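*Asks:* If you scroll down you'll find the structure; I have some questions about it.
What follows is calculated from the coordinates using simple rules that are stated; it is not laboratory data. The structure displayed is predicted, hence computed values, not measured ones. Cβ atoms come from the backbone with ideal geometry, glycine included; neighbour counts cover every protein chain shown.
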Amino acid sequence: MRAYYLVMALNREAEQLIAAVTELGLPPVEDLDAPTARSLYDNRSASVVPPDIASVVDEIIPSSAGGIRIRIFRPVDDDRPIPAIVFFHGGGWVFGTIDTHDAACRALANAAEATVISVDYRLAPEHPYPAAVDDAVAATEWIVENATELNIDADKTAVCGDSAGGNLAAIVAQHFRTDGLALVAQLLVYPLTDLSDEDSPSLVEFDDGYLLTAAAIRWFLDNYVTHPQRTDPRCSPAFGDLTGVAPTLVLTAECDPLRSQCEAYAAALVAAGVDTELVQFDGQVHSFFTQIGVLTDSQRAVDSLASFFRSRL
């Protein structure tokens, strides 16, 4: 495993982000019901700056549970087949939408010179585990099967996601390894990989004061999945068979309670013989990836994902 630790002395930007969020005076998510949390927290993406891109199209695709909305970000105007990245947004499986991650997907499509297809999977607690997983798998299958209509190259397709979306991307990568689809990469941004984790070092060290708290993590998990299901490989990819999965980039934030389990997952991938890179952004916090136009490291993270993706085509 090649590991890169990016020491960029940008802690001040992270501090400013924490201060700005604190100033909003939002109640902790664990004190809210899911609909109220969504209405308050999903609006925090309003400050990001959406980059220009050639085209953005929304579409409803079929699934056994009904339609799934996707958003297709294409960085070029022509109709030639280009590589693709299937993207799953974060939000603890409880909130987050393709709108909250619109700017990040635009930036990634431009940087990777690939069509990014963002999936609006069903959310808990209205649709608990495994609804999000089922939607992620179904959407990826549909995208690959309809590559010609989407003007993408099915043989140059990756999966990507942040936080809960990184969890889904890792699960989809394991699913398609066994299903015969050769993804070129999985791009995981501070993913939850072990939902049974309650006392890893970073979870203890950064349990409060760094945007994502240990109490909030427990709230997300309790809304999403029961305790007995948390070691199911389709819930926690750390418990799955990692042999033969796609080359992997894992991005972490130093001051993130999830950092330890991300590092453990990267190490497990290496032990399974998977081409793996680990990139840590020092001084950064969970959710920094989506702060396009707000945090310098957001674009640097996008560029890291794009570079890894392009190198594996």
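*Asks:* So how do F309, F289 line up by other beta-carbon neighbours within 10 Å, fewest first?
*Replies:* Neighbour counts put them in this order, fewest first: F309, F289.
*Asks:* Picking from R300, R122, R74, which is most flexible by a Gaussian network model of the chain using Cα springs under 10 Å?
*Replies:* Looking only at R300, R122, R74, the largest GNM fluctuation is found for R300.
*Asks:* Oh, and also: Between D222 and N43, what is 0.36 nm times their sequence separation minus the Cα-Cα distance? Round to one decimal in nm.
*Replies:* 62.2 nm
*Asks:* Could you put L187, L150, L258, L32 in order, starting from the residue whose Cβ has the fewest other Cβ atoms within 10 Å?
*Replies:* L32, L150, L258, L187
*Asks:* Here's something else I'd like to know. Using a Gaussian network model on the chain with a 10 Å cutoff between Cα atoms, which of T157, T140, T296 fluctuates the most?
*Replies:* T296
*Asks:* For segment 147-161, what does the Karplus curve 6.51 cos²θ - 1.76 cosθ + 1.60, with θ = phi - 60°, yield as ³J(HN,Hα) per residue in whole Hz, taken in order and with x for Gly and Pro?
*Replies:* Going residue by residue, I get 4, 4, 5, 8, 6, 10, 9, 4, 7, 10, 10, 10, 10, 8, x Hz, with x marking Gly and Pro.
*Asks:* Compare the Cα positions of A14, A84, A124 along the charge dipole of the chain (+1 at Cβ of Lys, Arg; -1 at Cβ of Asp, Glu; about the Cα centre) and return the one farthest towards the positive end.
*Replies:* A84
*Asks:* Still on this structure: Evaluate 2.2 N^0.38 Å with N set to the residue count of the chain, then give the Cα radius of gyration divided by it.
*Replies:* Against the empirical 2.2 N^0.38 Å value, I get 0.91 for the chain.
*Asks:* About the Cα centre of segment 2-311, what is the dipole size in debye to 20, counting +1 per Lys and Arg Cβ and -1 per Asp and Glu Cβ, all else neutral?
*Replies:* Roughly 360 debye, rounded to the nearest 20.
*Asks:* Could you run the Karplus curve 6.51 cos²θ - 1.76 cosθ + 1.60 with θ = phi - 60° over segment 19-28 and give me ³J(HN,Hα) per residue in whole Hz, x for Gly and Pro?
*Replies:* Rounded to whole hertz, the list is 5, 5, 5, 4, 5, 5, x, 6, x, x.
*Asks:* Would you compute, from DSSP H runs of 4+ residues alone, the mean residue ellipticity of the chain at 222 nm, taking -39500 (n - 2.57) per run and dividing by the full residue count, rounded to the nearest 500?
*Replies:* Taking each H run of at least 4 residues, the total per residue is -11000 deg cm²/dmol.
*Asks:* Test of understanding: ordering Y190, Y210, Y265 by Cβ neighbours within 10 Å, fewest first, what list do you get?
*Replies:* Y210, Y265, Y190
*Asks:* Another one. Taking segment 51-134, which GluC sites (Glu not before Pro) meet the DSSP loop condition and have no more than 13 other C-beta atoms within 10 Å?
*Replies:* Taking segment 51-134 and a limit of 13 other Cβ atoms within 10 Å, the loop GluC sites (Glu not before Pro) found are E126.
*Asks:* Go through A170, F308, S63 and say which Cα lies farthest out towards the positive end of the charge dipole of the chain; charges sit on Cβ, +1 for Lys and Arg, -1 for Asp and Glu.
*Replies:* F308
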